[in-house]
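The values are calculated or read from the model by the stated rules, or taken from the named source; none is laboratory data. Just so it is clear, the model here is predicted, and its values are computed rather than measured. Here the Cβ is made from the backbone with ideal geometry for all residues, glycine too, and neighbour counts use every protein chain on show.
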Amino acid sequence: MLSGTVMFGWIQYCGEAKVCPLFCVQAESMTCNSTAGERLNPVCNCCFAPEGGCTIYLSNGGKLQCA
């Protein structure tokens, strides 16, 4: 019975996992609303950015607005 309970908890956890694409944009830095505009080291793409409105600044001068 115990192993069934552990297995059920594991399946429930996996159902809530976030699946992110495995590509990285060429980025210089990023900012997030939660850090009051402080320049941060960039993440690979918006999927890895913390929630709360981040912007990734690309090395070609463009930017990605993360929801």
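Just a few scattered comments:
- Candidate set from region 17-33 (those that are aliphatic (A, V, I, L, M) and in a strand (DSSP E or B)); member that is nearest to the chain's Cα centre (by Cα): 30
- The lone exception for residue 9 - which of (1) assigned to a helix (DSSP H, G or I); (2) of a type outside the set (Lys, Arg); (3) modelled with pLDDT of 95 or more it fails: (3)
- Number of residues in region 41-56 that are among the hydrophobic types (A, V, I, L, M, F, W, C) and surrounded by 17 or more Cβ atoms within 10 Å (Cβ to Cβ): the value is 5.
- Test: residue in region 53-60 that is modelled with pLDDT of 85 or more, on the phi < 0 side of the Ramachandran plot and touching a Phe, Trp or Tyr at 6+ places or on another chain (Cβ under 8 Å): no
- The set of residues in region 34-67 that are assigned to a strand (DSSP E or B) and of a type in the set (Gly, Ala, Ser) is empty.
- Selection status of residue 66, at pLDDT 90 or above and touching a helix residue (DSSP H, G or I) at 6+ places or on another chain (Cβ under 7 Å): yes
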